Structure formats: C-alpha cells, structure tokens
Amino acid sequence: MYDYYLGGIHNFPADRAVAKVLLERTPMLRTIARDNRAFLARAVRYLTSVGVHQFLDIGSGIPTEGNVHEIAQAVVPGARVVYVDVDPDAVSESLQLLAGNQYATAIRADIREPQAILDHPQVRDLLDFDQPMAVLMVAVLHFVEDTDEVCDIVATFRSALAPGSHLVVAHATLDELIVDEREWEKTQREYRQQTTTPLVPREKSDVARFFDECRMVEPGLVWLNTWRPDPDMVDEFRDRPERSSIYVGVGRLP
C-alpha cells in the first residue's frame, strides 16, 4: 500500500483495493506517505554529513524512489546498507535492485525479533557494530501493537550500537487531531480485516521513550515536515503540521 501511495508500480491488486478504501476516508494518506519518504531522505543526508556511513533500515518495504543506499552512496560510495523486511516480496524486489552492489543487501526478518536481526550473518558481515551506524525505523513501529514491547524492541537495538550511532524514527499519532471516534473505529476494523498488521498511533510521550539515552538532534521530536525542511519543499501541512499525523526524530547515542 505504501508503494501505491508513493505512485510506485510494485504493488498488487489487493494492496490497491485496501489503499483506495483508506484514501477515501483519509485523502491525505498519499501526501503523508510522500512526505514521510522525503523525511527519510533528509535524515540520511544529514547522517552522511556527520560521518555515519552504515545503515540498518528496518521495515524498509518494497524498493521505490529514494532508497537509502541510493541517497547514502551518492555521497559516500562505500556506504553500507542492510534492508530488513518481513515481506518476502519486498526482500526479493530489494535483492533484485541491489544485484551487483557489494555494499548493500536485504534480509527477511521480523522487527518483533530484534536480536535475530542483530545476529543475522548478513547483517554482521556487512555492518561493523564497533563503528557508528544508523538504525532507521521509519513508519514501522506503529505496526507493533503493544507499547511496552515496542519500547523493548527499540532498547534492544540501542544497546547493540556503538557511541555516535543514531536512531531515526517516524511514528503515527492522533495527537492534536479532532477525530470522530466511531469513524476511526470503523477505519480500524476495515484495516484489520484487510491486513495482517494493526496500526497503533501513539502519543508524543510514548514516542519520546524510544530515544531514552539519546541526545536529540535539533529540532528534536517534531511533526513530519518540520524536521530540517528543505528550503524549496512544498509543505501542504505548513499551517497545520499536526495533520501530517506523524512524529519524527533523530537521536544520537553519546
């Protein structure tokens, strides 16, 4: 569905059917998806500028425009990237895209098993955990239903990282939005009927817990398009940034 929102071609009829239903209820989903992808690009460019040249992208999805390795390797040709996704189609598409790229690969794994990701042979072969790296969890943590579990997941990744490493998070929220509870419950029911993963928006205080032990990179934990926006960026949420429905942040481990 994310690929469909972005205008990609790597999606299936079932994805498009559900995506169209959700777009009818929330027309801004397509804009949010594109802005989320743009945030990922800004974060990766920032990280390469401060000397981070290793990336573990969890919940990477089907490859589409602006992949992490393309952005990072345009600046640092030897930048290393491991994509992680639970969807076999996403992994297969990624491996096809990465054929011949010795500094990037993709593995199939579940974010709910963080230690298995950290211990995966291909992750260990490509990434040096004694050096700074970035763990990217962009629009994936809200698919883990239990808040304590998701905090434990993030803590497991944090504990494995060298000083100077970074966490990048984008997470859905309903904070500051006027929401019709009955409509939201109906949307949730439809989403659950058509997909295998729930969507769990969280409050800002919950998202802030992911950055325990981190120093937040300015401007901190903020609305999607307010994190280091590009000067020429078109921002449909400029007047009401809360309508983006996503908190984003980058934290550095001291």
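The values are calculated or read from the model by the stated rules, or taken from the named source; none is laboratory data. Every value quoted in this text rests on a predicted model; they were computed, and no experiment measured them. A quick note on method: Cβ atoms are made from the backbone with ideal geometry, for glycine too, and the neighbour counts reach across all protein chains shown.
In table form, for the structure just shown:
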| read-out | value |
| --- | --- |
| Checklist (1) touching a residue at least 40 places away in the same chain (Cβ under 8 Å); (2) touching a helix residue (DSSP H, G or I) at 6+ places or on another chain (Cβ under 8 Å); (3) in a helix (DSSP H, G or I); (4) not aromatic (Phe, Trp, Tyr) applied to Ala106, failing item | (3) |
| Verdict on His171 being at pLDDT 95 or above and in contact with a His (Cβ under 9 Å, 6 or more places away or on another chain) | yes |
| Inter-residue pairs, beta-carbon under 6 Å, first closer than 17 Å to Asp35 by Cα and in region 49-72, second modelled with pLDDT of 95 or more and of a type in the set (Phe, Trp, Tyr), 6+ apart | Ser60/Tyr83; Val68/Phe55 |
| Qualifying residue in region 133-148 (condition: within 17 Å of Val250 (Cα to Cα), more than 17 Å from the chain's Cα centre (by Cα) and among the small types (Gly, Ala, Ser)) | no |
| Residue among Tyr4, Tyr103 that alone is surrounded by 14 or more Cβ atoms within 10 Å (Cβ to Cβ), over 24 Å from Pro241 (Cβ atoms) and modelled with pLDDT under 90 | Tyr4 |
| Selection from region 35-65 of residues that are of a type in the set (A, V, I, L, M, F, W, C), at pLDDT below 95 and under 14 Å from Met137 (Cα atoms) | none |
| Restricting region 221-246 to residues that are assigned to a loop (DSSP other than H, G, I, E, B) and crowded, with 19+ Cβ neighbours inside 10 Å, the residue that is farthest from the chain's Cα centre (by Cα) | Phe237 |
| Verdict on Val144 being aliphatic (A, V, I, L, M), closer than 20 Å to His69 by Cβ and in contact (Cβ under 8 Å) with a residue 40 or more places away in the chain | no |
| Members of region 123-156 that are hydrophobic (A, V, I, L, M, F, W, C) and assigned to a loop (DSSP other than H, G, I, E, B) | Leu127, Phe129, Met133, Ala139, Val140, Val144 |
| Residue identified as at pLDDT below 95 and among the hydrophobic types (A, V, I, L, M, F, W, C) among Phe211, Phe237 | Phe237 |
